[in-house]
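To start, the structure itself, in structure tokens.
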Amino acid sequence: MAKNKQGTPKQNGILKGIERVGNAMPHPAMIFVILSAAVVVISFIVAQMGTTVTYYDARAGAEVTVSAVNMLSADGLRYIFNNATRNFTGFAPLGTVLVAMLGVGVAEWSGLINTSLKKLLTNVHPRLLTAVVVFAGIMSNIASDAGYVVVIPLGAIVFAGAGRHPIAGLAAAFAGVSAGFSANLLLGTLDPLLQGITNEALRSAGLDYSILPTANYYFMIASTFLLTFLGTFVTEKIVEKNLGAYTGDYMPSKESVTDLENKGLRNAGISLLIFAAVMLFLTVPANAVFKTANAAGEMTINEFLSNGLIFMILLVFMVPGFVYGKTVGKIKNSNDLVESMTDAMKSMGGYLVLAFFAAQFVAYFGRTNLGTILSVKGADFLESIGFTGLPLIIGFILISAFLNLFMGSASAKWAIMAPVFVPMMMRLGLSPELTQAAYRIGDSTTNIITPLMSYFAMIVVFAKKYDKESGLGTLIATMIPYSLVFLLGWTVLMAIWYFAGLPLGPGAGIHI
């Protein structure tokens, strides 16, 4: 078993080598500076080679030609300087994390989170704790990116409270939230998004066929249980054994819940129920306040889910946190309330620094079109191999997983790949529903090992809270077993589904 003293490797075998290399590098913020510089240089080389690709963009409904953009040109240098601030303030996770942390800060400072976890740990069987954390991570995908800022840090705290390694809890939650991104027991925002792109790809190829948002529903339900099992197995049999006993500074409270704290929990629960009832009134009825008309004139809450959900999460933590704090006497006035939020923002200083440089790297990579070029070239390569049947599906999963390392957006990659693979596989007798499900496997499983994933920098900061010596190497080495096992296990499930000829969703078969 690997030792877990601060500053020493926490992994074994090849993972130890990955961790050593990763952690021997400069501070994660400086790594993003180096990666940004590398993108600038590579863009110059690829642009000088005159690299261009042409593909049909299913979102735009038109053929698109893109070229590598040289970041060392006059226009590129102007972009680097003129857009540095905009890249930072427009960095997708930045506002999400900071807004959510305002509410989480109130709940944590008042003691609500700590007391709730103590109560949870007395009621959840220790053998089920890992599975509960992984399952909660997978299910959090229904709330889009909320799982990253809520479930992942809570996973670490829950494990620490149970006397287990907090980074193992963080890893288990991260695996559920991100590597299991497409799986769920409920339909999420991703289902209609991918369905729309698939149907546009079919339309552009002149194929009289369309799929429903529920196209992969049965398969994703089964995937939820499979990934929960696999995530639990990897956490307990691989990750925790590699991490060893925790010797860091974070020490959760071991005291039992007092009568006053129980009263605080009860009042906080009542306030949360009232808040939930108000939100249901604002979102569920046909003429609900938060429903707006979409392009087809239908009233939906999609705009709220995209833009208002994070503020709701702030209130989900702030309201019961405030009520709990008032009940136990921790929050006496508005000064205490503001102090709780201020304290939360103080802890985000390291993340802000890291986010600035991560934002530049992500922006440069998108600006240069390198991700798009890789995706199109990868699609062309797989198409040229000439596989059919299950080997083609497996090859498609692997190429999707590889491309996901360089192009994080699920919809952007699918808009490029769907017009190529959906018609191609349909002509070979494989349904568009099957192609879409295979894509979702590859698109999810490598999220947790690529720094290009928007929330990766934030997870590094969370890990440093429990081990100041951890870095990119520690996180990547910790998550690789999840990525490989999820990719293998999920692909095997797809193979079983394929041979059994099971429906992927209502009316969605394997073959045409």
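Values quoted throughout were computed directly from the atomic coordinates according to the rules given, and no laboratory measurement underlies them. None of the values given here were measured: they were computed from a predicted structure. Heads up, the Cβs are rebuilt from the backbone with ideal geometry, glycines too, and the neighbour counts pull from every protein chain shown.
List of remarks:
- V492 versus A295: modelled label distance in nm, points set 7 Å from Cα along the beta carbon direction: 4.2 nm
- Cα gyration tensor, segment 217-354 - rounded (a/c under 1.5), prolate or oblate: oblate
- Anchor K291: aspartates and glutamates whose Cα lies under 14 Å away (excluding residues fewer than 8 positions away in-chain): E303
- One decimal place: the segment I274-A92 gains 62.4 nm when fully extended, by the rule 0.36 nm per residue minus the C-alpha distance.
- The separation of segment 375-410 from segment 144-214, counted between C-alpha centres, amounts to 20 Å.
- In segment 13-500, the C-alpha radius of gyration followed by the widest Cα-Cα span (Dmax) gives 23.2, 72 angstrom.
- The chain, helix-only ellipticity at 222 nm - DSSP H runs n ≥ 4, -39,500 (n - 2.57), divided by all residues, nearest 500: -21000 deg cm²/dmol
- Semi-axis lengths, Å, segment 404-492, gyration tensor of Cα atoms, sqrt of 5 times eigenvalues: 32, 14, 7
- Among the listed pairs K346/K468; K326/K464; K413/K465; K118/K468, those with a Cα-Cα distance over 22 Å are K326/K464; K413/K465; K118/K468.
- Over segment 13-500, relative contact order from alpha-carbon pairs under 8 Å, at least 6 apart, %: 26 percent
- Virtual spin-label span in nm between D249 and D343, 7 Å along Cα→Cβ: 1.6 nm
- Ascending count of other beta-carbon atoms within 10 Å, so fewest first, for M220, M251: M251, M220
- Tensor-based shape of segment 345-394 (alpha-carbon gyration tensor, a/c under 1.5 rounded, otherwise prolate or oblate): oblate
- For segment 479-484, 3J(HN,Hα) computed residue by residue from phi via the Karplus equation (6.51, -1.76, 1.60; θ = phi - 60°) reads 8, 4, x, 4, 4, 5 Hz, glycine and proline entered as x.
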